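The structure appears below as structure tokens.
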Amino acid sequence: MKIRFWGTRGSIPCSLTATEVRAKIIAALQGAKDLNLDQDDKILAYVDSLDFQTQGSFGGHTSCVQVKTAQKEHIIFDMGSGARPLAGSILAEQGKQTAQTYHIFMSHLHWDHIMGFPFFTPVYLPGNHIFIHSCHDEAEFAFRRQMASPSFPVDFSDLEAKVEFCWHPPGEVVQIGDVEVYAKKQLHSGDSYGWRLSYQGKSLVYSTDSEHKIEDIAEREAFTEFFKAADVVIFDAMYSLTDAISVKADWGHSSNILGIELCHAAAAKQLVLFHHEPVHNDAKIAKILQQSQDYARLYSEDNQLIIHSAYDGLEIEL
Ligand SMILES: [Zn+2]
Ligand SMILES: [Zn+2]
């Protein structure tokens, strides 16, 4: 399967400013002063050699992650603003072919996780069937409310696709062909749910908007079990550890350090730092990634954990 990230920012979409783009161009040109970049392939090689925060950006859309399998059903986690470019990509691949089935698994109903739904074009195409899987009773209410007048010009009841809400208790396995998915309750304002997906012997955990209390041993064991030997864990790393356990305790989010410790305990293979703090710029997020990799090496001598910092466009193939 292939995991593709369409929205990786926490709480609210963030775009680069003109000043930030300009600073990246200046930094790149300064590094090229003594290089003879007189051919396109030399330019490409130079750009590829730049660090990520200079040549790219961690991106600004809110939570939306696509899982591609050999099956025809579309599988998506959350409907943050990343759902809009995801819809564009799906429609570009399909042309006007409709009658598609979409399975959307919701972590929770905070605005940053549902705001992309009214811009997810497949909902306007007749013949499409969209299942919204959630452990929250109020899922349908939340989706309808954000499209109600005067907040949005198209009412939910005018959508052309068939949209079906499916409530699941945590632990219940949702079977989509050979794909199996189940939820685990997490600590967050109004509750959130992580999802664990398995397909052809590979597993992915999507665990965002989840606070972890380091002193709670039972909770730690439950998450170690939930992450057990996962190939990829997508983890809410919005804050630094210091913030997560001091000024921002009880704000419902976690840190890179807790993600590393849980992944080590669970023997997970890859950790993806996700739901980036909107205040953090690219340099800060790159620094957090570097510190995370350093910490993982210090934490365990035979460290095998691969750590990524999610960005809009990141793809991980399993
Ligand atoms: Zn969020
Ligand atoms: Zn939230």
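Read-outs: derived from the displayed coordinates by stated rules, not from any lab. Here the structure is a predicted model, which is why all the values come from computation and not from measurement. Methodologically, a virtual Cβ is constructed for each residue, glycine included, from the backbone with ideal geometry; neighbour enumeration extends over all protein chains shown.
Pairs exceeding 30 Å between alpha-carbon atoms, taken from Lys24/Lys185; Lys24/Lys213; Lys213/Lys287; Lys72/Lys287; Lys42/Lys68: Lys24/Lys185; Lys24/Lys213; Lys72/Lys287; Lys42/Lys68. Taking label points 7 Å from Cα along the Cα-to-Cβ direction, Lys72 and Gln30 give a separation of 5.5 nm. In a fully extended conformation the segment linking Ile217 and Thr98 would gain 38.0 nm over its present Cα-Cα distance, using 0.36 nm per residue.
Residue exposure proxy: Arg220, Arg84, ordered by other Cβ atoms within 10 angstrom of their Cβ from fewest to most, comes out as Arg220, Arg84.
Helices in the chain, meaning DSSP H runs of at least 4 residues, each add -39500 (n - 2.57). Divided by all residues, the mean residue ellipticity at 222 nm is -9000 deg cm²/dmol.
With only Cα atoms counted, the stretch 20-108 has Rg and Dmax values of 19.1, 56 Å. Can you classify the stretch 162-230 as rounded, prolate or oblate using the Cα gyration tensor, where a ≥ b ≥ c are the square roots of its eigenvalues, rounded means a/c under 1.5, and otherwise it's prolate if a/b beats b/c and oblate if not? Oblate, because a/c is 1.5 or more while a/b does not exceed b/c. Between Val123, Leu44, His275, the Cα set farthest toward the positive side of the dipole of the chain (charges on each charged residue's Cβ, about the Cα centre) is that of Leu44.
For the pair Ala267 and Thr242, label points projected 7 Å from Cα toward Cβ lie 3.6 nm apart. Rounded to the nearest angstrom and listed largest first, the equivalent-ellipsoid semi-axes of the stretch 115-242 from its Cα gyration tensor are 31, 19, 13. The relative contact order of the chain, computed from alpha carbon pairs under 8 Å that lie at least 6 residues apart in sequence, is 18 percent.
DSSP bridge analysis restricted to the chain gives an antiparallel fraction near 45%, rounded to the nearest 5.
Straight-line reach from Lys269: taking Cα to Cα under 16 Å and skipping same-chain neighbours fewer than 8 places apart, the aspartates and glutamates in range are Glu225, Asp231, Glu261, Glu301, Asp302, Glu315, Glu317. Neighbours of Lys24 by Cβ distance under 14 Å: Lys/Arg scored +1, Asp/Glu scored -1, total -2.
Using the Cα gyration tensor of the stretch 110-175, with a ≥ b ≥ c the square roots of its eigenvalues, what is the shape: rounded (a/c below 1.5), prolate (a/b larger than b/c) or oblate (neither)? Oblate, because a/c is 1.5 or more while a/b does not exceed b/c.
The GluC sites (Glu not before Pro) of the stretch 99-176 that meet both conditions, a loop assignment by DSSP and at most 15 other Cβ atoms within 10 Å of the site Cβ, are Glu138, Glu160, Glu172.
Applying D = kT/(6 pi eta Rh) to the chain, where Rh is the Kirkwood radius over alpha-carbon pairs, T corresponds to 25 °C and eta to 0.890 mPa s, the Stokes-Einstein value obtained is 120 µm²/s. Just name one of His168, Pro13, His113: the one whose Cα is farthest towards the positive end of the charge dipole of the chain (beta-carbon charges, Lys/Arg +1, Asp/Glu -1). Result: Pro13.
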